[in-house]
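The values are calculated or read from the model by the stated rules, or taken from the named source; none is laboratory data. Computed from a prediction, not measured in an experiment: that's the story for all the values here. Here the Cβ positions follow ideal geometry from the backbone for every residue, glycine too, while neighbour counts run over all protein chains shown.
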Amino acid sequence: MSLDAILDHVDGDLENSIARLMDLMRIESISTDPQYSDECVAAAEWLVDDLISIGFNAEIRETPGHPMVMATGGKGGTHTLFYGHYDVQPIDPIELWNNHPFKPKLEETKKGPVIRGRGASDDKGQLMTFIEACRAYKEVTGKLPNRISVFFEGEEESGSPSLVPYLKDHIDELKADIALICDTGMVEKDTPSIVTMLRGMVSQEITIKGPSKDLHSGMYGGPSINPIRVLTKALGAMHDDNGRVTLEGFYEGVEEIPEKIMQQWDNLSFDENSFLSEVGLKIPAGEKDRSVLEQIWSRPTAEINGIWGGYTGEGFKTVLPSEAHAKVSFRLVGKQNPDKIQSAFNRHLEKYLPEDCTLEYKLHGSSMASNMAIDNPSFEIARNALSSEWENSGVYVGCGGSIPIAGHFQTIIGLETMLIGFAQDDDSIHSPNEKYDIRSFHKGIRSWVRILHALA
């Protein structure tokens, strides 16, 4: 059976595909709120039934939290493991929604038709692009294209507390040739993207303590050390005038981007000025010898996320605070070691610490960056398949944030992961009036058909 016949079936069945997605979106699977636990179970059961209907062996797997969904089907070809999550973000503030978030609707916009509702883009719409591609294959050919395992999680939006233990307990069952994740977006409207770099993270809270109590600035100002002054001096010294981070050994493990990837980035229509002007800025503040895309996707950062101390209420109080606090995070790339970064930061602070002050730390989390091995043949197979569907050729891109499951697949299961998603920047994920473009959903299904056909 030809690829064109399967793609034609996708086109002809689009209305039914949209209806199935909207059925799933009506289930209020908010994972962070215990009162929606039954709804999370209902979403898992809906997916199991749907997967069984297209030839998978599927079942619910219990965890201490919300259930996982596991399914297997097909034979031969490249064994793929597909991951998605059926849970969604809370809907607050409800008054900012134009329609009920769990009563999805089709809506015409200036940019074309969209599906509006919670979970449309993150991640039910994206998840269903893959299921619908499998459905089209089965209905046209009578079988799935290759050996496929499916793994859906119900706690992604609440920190995935059950995920790592589950992965460790099911390593053999989850092994495959390549993992696929559809929880990312496109770098441009017509440019399909494969995320190959995810930044890691170190986040830490610090407290500098000075005098035993808050002091009157008229009585003690001058001779008494001010913890805020100590803190701001230390934090202000974390960057030099060229935007580079000054921590000792900070750039160990930071790797240069291969020339062929840089060429793909250079060919994008990304506009640095527009990117910053959308948030009221004009001048890039990172490393001066790096482009904005490099700064976001492939360079590490040190950022102060919060700082407080002393009197911050209405009016004025001339006080010298006894304590000063800050929250600082580092985005990591390449092979940077989170433990070494944390130690370098602590040593940096200690250099600025007077004898009369003490320093306390509270680590909030740390993880290494994830870097995908694009020399794996599946990556070029997928990129070429995407290029056949979209107006522009597929590109390998970075991601400024973190998607922990990709790193877990690498470190726990030993799997390389392709992150291929069709979301747009204006989808309002996690916000009121979330949407997913019909075009993204339609061409996303067609894209997975092409990828699975090529991998098979």
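Some notes on this structure:
- Region 414-451, residues that are surrounded by 18 or more Cβ atoms within 10 Å (Cβ to Cβ) and either among the small types (G, A, S) or not assigned by TED's automatic domain parsing to the domain that holds I94 (or both): G421, A423, S440, G444, S447
- Identity of the residue in region 244-301, among the aromatic types (F, W, Y) and farther than 14 Å from Y396 by Cβ, that ends up surrounded by the most Cβ atoms within 10 Å (Cβ to Cβ): F250
- Test: residue in region 351-360 that is modelled with pLDDT of 95 or more, buried (at least 18 other Cβ atoms within 10 Å of the Cβ) and either in a helix (DSSP H, G or I) or among the polar types (S, T, N, Q) (or both): no
- Residues (touching a Ser or Thr at 6+ places or on another chain (Cβ under 6 Å) and crowded, with 17+ Cβ neighbours inside 10 Å) located in region 38-62: E39, C40, A43
- Residue among F330, F316 that alone is modelled with pLDDT of 95 or more and out of contact with any Cys (no Cβ under 9 Å at 6 or more places or on another chain): F330
- Selection status of I374, out of contact with any Pro (no Cβ under 7 Å at 6 or more places or on another chain) and either part of a loop (DSSP other than H, G, I, E, B) or among the aromatic types (F, W, Y) (or both): yes
The rows are residues; the columns are (1) farther than 25 Å from M197 by Cα; (2) crowded, with 21+ Cβ neighbours inside 10 Å; (3) free of Cβ contacts under 8 Å to residues at least 24 places away in the same chain.
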{"site": "V319", "(1), (2), (3)": "yes, no, no"}
{"site": "N337", "(1), (2), (3)": "no, no, no"}
{"site": "I341", "(1), (2), (3)": "no, yes, no"}
{"site": "H348", "(1), (2), (3)": "yes, no, no"}
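- Verdict on G309 being farther than 26 Å from L419 by Cα, in contact (Cβ under 8 Å) with a residue 60 or more places away in the chain and in the same structural domain as P223 (by TED's automatic domain parsing): yes
- Qualifying position, being touching a residue at least 40 places away in the same chain (Cβ under 8 Å), in contact with a Lys or Arg (Cβ under 7 Å, 6 or more places away or on another chain), in the same structural domain as L415 (by TED's automatic domain parsing) and small (G, A, S), among G55, G65, G84: G55
- Test: residue in region 400-414 that is over 21 Å from G185 (Cα atoms), at pLDDT 95 or above, touching a strand residue (DSSP E or B) at 6+ places or on another chain (Cβ under 9 Å) and of a type in the set (A, V, I, L, M, F, W, C): yes
- Some residue of region 166-184 being touching an Asp or Glu at 6+ places or on another chain (Cβ under 6 Å) and within 30 Å of V292 (Cα to Cα): yes
- Positions within region 211-257 being touching a strand residue (DSSP E or B) at 6+ places or on another chain (Cβ under 7 Å), of a type in the set (D, E) and over 30 Å from T318 (Cα atoms), in sequence order: none
- The criterion of at least 1 residues that are touching a Phe, Trp or Tyr at 6+ places or on another chain (Cβ under 7 Å) is met by the following helices (runs of 4 or more DSSP H) wholly inside region 246-348: 259-266, 292-297.
- Region 415-426 - residue that is touching a helix residue (DSSP H, G or I) at 6+ places or on another chain (Cβ under 8 Å) and not aliphatic (A, V, I, L, M) and, of those, nearest to I94 (Cα to Cα): Q424
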